[in-house]
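Engineer: Can you keep this structure in mind? I'll have questions shortly.
None of the figures in this text is laboratory data; all of them are computed from the coordinates on show. What you are looking at is a predicted structure, and each value in this text was computed from that prediction instead of being measured. Cβ atoms come from the backbone with ideal geometry, glycine included; neighbour counts cover every protein chain shown.
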Amino acid sequence: MKSLRAPRYLVAGEKGLVVEFGSRIDREINARVQTLYRSLGREPIPGVVETVPTFRSLLVSYDPLLIGFDELVSRIQAVETRPPNAGQAKEPVVISTVYGGQFGPDLEFVARHNGISVEEAISLHVTAVYLVYMIGFAPGFPYLGGLPGKIATPRLQAPRTRVPAGSVGIAGEQTGVYPVDSPGGWQLIGRTPLKLYDPGRENPVLLEPGDSVRFERIDEAKFWELKKKEER
Amino acid sequence: MKDEEGTGKESGSDEFLHPSSFILHPFSVMASIRVLSPGMMTTVQDLGRFGCQRLGISPAGAMDAYSLRLANLLVGNAAGEACLEITLLGPRLEFTAPTVFALTGADLSPALNGLAVEMWATVPVERGDVLSFGGARSGCRTYLACRGGFLIPPVMGSKSTLTRATLGGLDGGPLKAGDELPIAPSPERRPSGRAPSAYRRQFGQSVIARMILGPQDECFTRETFRLLLGSSFTVNRNSDRMGLRLSGPRLRHRGSADIVSDAVVTGAVQVPGDGNPIILTADRPTTGGYPKIGVVITPDVDLLGQAKPGDEVRFTAVSLEQAHQVYRQYMEGFDRFAAVSPGNQPD
């Protein structure tokens, strides 16, 4: 069995502790982040205000009036050293997506860059099952790991000033979905009618860190039909 | 949803969770603050929305939580009730019912019906009274607390406005002309009160911000720390509720200026490739890909919330132990103030 390196416990201000498992984007490193994140969700440590999982670390915000830094570290060590819970594998969330055309203006570039056809690129993108490594950048923006290497494509040289909400993009070996209109530099390959962020909903954010996700190809008619449903 | 301190004692009043509860208070329908003109940037803020940063939702909340807490305590609210945060150029506001308010924070020359009003003190108003503001004398942000708070529903545990996400406050954005902000009717006369001078703050043109170094201090050279702690920085014009952008000597990285994104906290000082530090504040993103050289301690983040473009910022380093001691004293100060504040006097 491969022995795991002990995480680093870093001070992030007087109310923050960063448990850092590595410095790279890596499935194994992220799995350790998710394990700790879920453990602390199941068995909250008194004095912990919230936790924020990222690619490679977990931020633990705490109330220093209720718990000290050293005590917090030892409580986390007690949790973290437990074997990872096999967990209840949730069904992937399905993101219905129209690929190419006006909805995915960079799809042809992504295919050309990788020396494959547009159809192959779409097929690779819908076949994979992705993991939400973290949410950041904007409300509900999922950074998804698990993109097949054969469609990995670097970011745009010059970011767009406006990327429409629902746009599905690729940046290096990651894929993601823009929840709101925003500037952005990812290669846009398609668009979903689903709202990943809707402030009017009881749960405004669709995806959570650790969720699994897959994409489903739809045509334009279905896009508008689903979009109408989402607006209701 | 947990509040900032995780104790539950300071979350906004849950009494008026739903707009339909107004029906129970026939007079409250008319009790409001009517926005005659909105000012430069006037938003509803409380102590922030905690517990959703894992979903990419920034905490928002008052840029100067000290002043917000004092305004609330003066009028007898829970310290974390929502206030109006008024930025530099103030609004014109009409009260449509009698109430009591208090103004704290920046001195933006407030006047009631054209007559100067005292800050850091309770002010009774009658129906039809108009609050307006003149020039900025000191600081950047004024807090207006109304007895009983604002009757708007909290979103995910907070009334704070996060404009980037169109969340909270009044329609998720700054106040607009014609808006009506519902308030609790408060016709009863309670003792008026003034904050003792030790609690009143005046804001100069220079802030000394104490910081704890890290979490990515290893990304910077020794020379960078000498510059960071020995120089003066200037607050840039493009600063806002997301962050204070500073200019000064260029802070150099040991290697690349990019890290794999991790979470950020309020007060974090991130240094992008151009070497100009940004102090992340209330509306900051939840994650970031630039190394953080240090994190400003909470009481000093409040002071930075009052810094204006052109003001000076200097940094000093403190240990985690010192920071915890300062934080304890900071929080105890509010308890002491609450014990003597007029809102807590028996009727």
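Engineer: Between B:Asn113 and B:Ser256, 0.36 nm times their residue separation minus their Cα-Cα distance comes to what?
Structural biologist: 45.8 nm
Engineer: Given labels modelled 7 Å from the Cα in the Cβ direction, how far is it in nm from A:Lys228 to A:Ile116?
Structural biologist: Rounded to a tenth, the inter-label distance reads 3.5 nm.
Engineer: Placing +1 on the Cβ of each Lys and Arg and -1 on the Cβ of each Asp and Glu in chain B, which of B:Ala263, B:Val130, B:Gly51 has its Cα farthest towards the positive end of the resulting dipole?
Structural biologist: So the residue we want is B:Ala263.
Engineer: Using the alpha carbon gyration tensor of chain B, what are the three equivalent-ellipsoid semi-axes (square root of 5 times each eigenvalue), largest first, in whole Å?
Structural biologist: With the √(5λ) rule applied to chain B, the semi-axes are 36, 20, 19 Å.
Engineer: In the protein assembly as shown, if the dipole is taken from +1 on Lys/Arg beta carbons and -1 on Asp/Glu beta carbons about the Cα centre, which of B:Met119, B:Thr234, A:Trp224 is farthest to the positive end?
Structural biologist: The listed residue farthest towards the positive side: B:Thr234.
Engineer: Hey, quick one: spin label on A:Thr127, modelled 7 Å out along Cα-Cβ, who in segment A:94-116 has an amide N within reach, i.e. under 18 Å?
Structural biologist: Residues A:99, A:110-116 qualify, since their backbone N sits under 18 Å from the label point.
Engineer: When a/c reaches 1.5 or more, the comparison of a/b and b/c decides; with that in mind, is segment A:93-231 rounded, prolate or oblate per its Cα gyration tensor?
Structural biologist: Rounded.
Engineer: Could you tell me which of A:Pro193, A:Ser182, A:Phe109 has its Cα farthest along the dipole of segment A:86-232 towards the positive end, charges placed at Cβ (Lys, Arg +1; Asp, Glu -1), taken about the Cα centre?
Structural biologist: Checked the options; the winner is A:Ser182.
Engineer: Report for chain A the percent antiparallel among DSSP-assigned beta bridges with both residues inside it, nearest 5.
Structural biologist: 90 percent
Engineer: List the chymotrypsin sites (Phe, Trp or Tyr not before Pro) within segment B:211-255 that fall in a DSSP loop (any state other than H, G, I, E or B) and whose Cβ has at most 10 other Cβ atoms within 10 Å.
Structural biologist: Here no loop site has a sparse enough neighbourhood.
Engineer: In addition: Considering only DSSP beta bridges with both partners in segment B:206-331, what is the antiparallel share in %, to the nearest 5?
Structural biologist: 75 percent
Engineer: What is the Cα centroid distance between segment B:269-347 and segment B:144-167, reported in whole angstrom?
Structural biologist: With segment B:269-347 and segment B:144-167 each reduced to a Cα centre, they are spaced 21 Å.
Engineer: Further, regarding this structure: Which entries in the list A:Lys195/A:Lys229; A:Lys90/A:Lys229; A:Lys229/B:Lys176 go over 20 Å, if you measure between the two C-alpha atoms of each?
Structural biologist: Those over the limit are A:Lys90/A:Lys229; A:Lys229/B:Lys176.
Engineer: If you don't mind, another one. Pull up the DSSP beta bridges for the protein assembly as shown and report the antiparallel fraction as a percent, rounded to 5.
Structural biologist: In the protein assembly as shown, DSSP labels about 90 percent of beta bridges as antiparallel.
Engineer: A further question on this structure: Binning at 10 Å from 0, report for segment B:19-202 what percent of all alpha-carbon pair distances ends up in each bin.
Structural biologist: 10, 40, 38, 11, 1
Engineer: Please give the charge dipole size of segment B:104-223, origin at the Cα centre, charges +1 on K and R Cβ atoms and -1 on D and E Cβ atoms. Round to the nearest 20 debye.
Structural biologist: Charge dipole of segment B:104-223: 300 debye, to the nearest 20.
Engineer: Another one. Let's see if you can work this out: charge +1 on each Lys and Arg Cβ, -1 on each Asp and Glu Cβ, no other charges. What is the dipole magnitude of segment A:43-194 about its Cα centre, in debye to the nearest 20?
Structural biologist: Rounded to the nearest 20 debye, it is 400 debye.
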